[in-house]
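This report refers to the structure that appears directly beneath it.
The values are calculated or read from the model by the stated rules, or taken from the named source; none is laboratory data. In this text the structure is predicted, and so the values were computed from the model without any measurement. Cβ sites come from the backbone with ideal geometry, for glycine too, and all protein chains shown count toward neighbours.
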């Protein structure tokens, strides 16, 4: 897996973990042992290189996964990692695409997320009207 794809995966896993546990950045930093600035940079996709081994170790422990899994495209045992939402999975793939700049990948991911949420809302409204 390329370092870009690994960074995208780490970003998505951090987002998912923070969402799952309803943690702010500072609380996540305290819990993980990784500085808030490093977590923020990784989560936003602003990191230009993989974290050092100490940071990878702390992240893997906090995310309940192996370092190899952080750097791999394959998910370990089901349920050990925070489950990624469909928009997060799409974002990982967009960020890993070497033909897209980081800015383009982020813009496309945001557009997909917005459209995805709109479709969910529309679908929910259709379901309610059918029940009547």
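Entry remark, segment 20-79: residues being modelled with pLDDT under 90, surrounded by 18 or more Cβ atoms within 10 Å (Cβ to Cβ) and over 26 Å from residue 107 (Cα atoms) number 2 in total. Just one of the listed residues (105, 109) is more than 13 Å from the chain's Cα centre (by Cα), closer than 23 Å to residue 47 by Cα and either modelled with pLDDT under 75 or surrounded by 17 or more Cβ atoms within 10 Å (Cβ to Cβ) (or both), namely 105.
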